[in-house]
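What follows is a single structure, written as structure tokens, with notes after it.
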Amino acid sequence: MKHYEVEILDAKTREKLCFLDKVEPHATIAEIKNLFTKTHPQWYPARQSLRLDPKGKSLKDEDVLQKLPVGTTATLYFRDLGAQISWVTVFLTEYAGPLFIYLLFYFRVPFIYGHKYDFTSSRHTVVHLACICHSFHYIKRLLETLFVHRFSHGTMPLRNIFKNCTYYWGFAAWMAYYINHPLYTPPTYGAQQVKLALAIFICQLGNFSIHMALRDLRPAGSKTRKIPYPTKNPFTWLFLLVSCPNYTYEVGSWIGFAIMTQCLPVALFSLVGFTQMTIWAKGKHRSYLKEFRDYPPLRMPIIPFLL
């Protein structure tokens, strides 16, 4: 059985960083990363991007050396992805922040609205319903992070957590300030508008149903990708029309929250969220079409028949 020689060069400078001798043909990229770490411990595997071309795509950890288009002396190019942090840690931080921040405004802790309003309570029912809905949303997200989601990538760049937290925490504070303000006025059409909004907010259950269906597609510890299909759960039937119904339901629930509170910051948060989720949905949709030849042709990325 022939062995491979693997040289690893810096993708920017072309400087030789490492030379690995007698590498097994069936060695994976993950195993090569571990060998590279032994000579450069500052670059642990999660920080490493190895590629066949300096400007090409990163190789997957599960790629096998002998199946790559290389000779018995393989040249790989290395890029440092920077300090990494686990996705679980990122999500827990992102979602715990808005939950805590919103409650600070809801309970009107000192120094927010003025001394005479410290720890007072709103007389409007919609304010209390809004707090319940907002808290439910983020508690659900925290529990899903811990017990439902399975991540194809274990880590993400540490710098992203600051950007993501600024977005989630900042919008949570902005929304909460106005919704819980002593001068807040209920929605124009009163109880009827709130009831409609609550009906729309049930999209949260649809979002959870989709997450459970996606979880069941990927066994624990696996990176298997399959075409998601509807199950017996009626909320999953949206898979018939869109590739990412979890995003569709997420946007729907925030539209419901915006109708309930009639608050401009909530509407802007919904719009920004919809824009970002549309980008993600289009990317996933393209990935499905590329990977599966028999992918259902009727599906759109996020909005049935439109987008």
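For the stretch 199-236, give me each residue that is part of a loop (DSSP other than H, G, I, E, B), open to solvent by 50 Å² or more (accessible area, probe 1.4 Å) and free of Cβ contacts under 8 Å to residues at least 60 places away in the same chain.
Filtering the stretch 199-236 down to residues part of a loop (DSSP other than H, G, I, E, B) leaves 202, 218-233.
Pick out the ones that are also open to solvent by 50 Å² or more (accessible area, probe 1.4 Å) and you get 202, 219-221, 223-226, 229, 231-233.
Across the stretch 199-236, the qualifying residues are Ile202, Pro219, Gly221, Thr224, Lys226, Tyr229, Thr231, Lys232, Asn233.
Looking only at residues in the stretch 54-84 that are among the hydrophobic types (A, V, I, L, M, F, W, C) and assigned to a loop (DSSP other than H, G, I, E, B), which one is surrounded by the fewest Cβ atoms within 10 Å (Cβ to Cβ)?
This residue is Ala83.
I'd like to check something: does the stretch 188-198 contain any residue that is free of Cβ contacts under 8 Å to residues at least 60 places away in the same chain, open to solvent by less than 60 Å² (accessible area, probe 1.4 Å) and on the phi > 0 side of the Ramachandran plot?
The answer is yes, given that some residue of the stretch 188-198 is free of Cβ contacts under 8 Å to residues at least 60 places away in the same chain, open to solvent by less than 60 Å² (accessible area, probe 1.4 Å) and on the phi > 0 side of the Ramachandran plot.
Which of the following residues is out of contact with any helix residue (DSSP H, G or I) (no Cβ under 8 Å at 6 or more places or on another chain), open to solvent by less than 70 Å² (accessible area, probe 1.4 Å), closer than 27 Å to Phe162 by Cα and at pLDDT 90 or above: Arg51, Arg47?
On the way: Arg51 fails: closer than 27 Å to Phe162 by Cα.
Within the list Arg51, Arg47, the selection yields Arg47.
Being more than 30 Å from Asp80 (Cβ to Cβ) and open to solvent by less than 30 Å² (accessible area, probe 1.4 Å) is the requirement here; does Tyr177 meet it? Outline the logic, then answer.
On the way: more than 30 Å from Asp80 (Cβ to Cβ): yes; open to solvent by less than 30 Å² (accessible area, probe 1.4 Å): no.
When the stated conditions are applied, Tyr177 does not pass them.
Inside the stretch 19-37, can you point out the residues that are surrounded by fewer than 18 Cβ atoms within 10 Å (Cβ to Cβ), of a type outside the set (Val, Ile, Thr) and either out of contact with any strand residue (DSSP E or B) (no Cβ under 9 Å at 6 or more places or on another chain) or assigned to a strand (DSSP E or B) (or both)? Talk me through it step by step, then tell me what you get.
From the stretch 19-37, those surrounded by fewer than 18 Cβ atoms within 10 Å (Cβ to Cβ) are 19, 21-22, 24-26, 28, 30-31, 34-35, 37; that's our starting set.
Pick out the ones that are also of a type outside the set (Val, Ile, Thr) and you get 19, 21-22, 24-26, 30-31, 34-35.
Correct list: Phe19, Asp21, Lys22, Ala30, Asn34.
The values are calculated or read from the model by the stated rules, or taken from the named source; none is laboratory data. The structure displayed is predicted, hence computed values, not measured ones. As a convention, Cβ positions derive from the backbone with ideal geometry for all residues, glycine included, and neighbour counts pool all protein chains shown. Note: accessible area is taken over every heavy atom of the protein model, side chains too, but ligands, DNA and RNA are not part of it. Shrake-Rupley method; radii C 1.70, N 1.55, O 1.52, S 1.80 Å.
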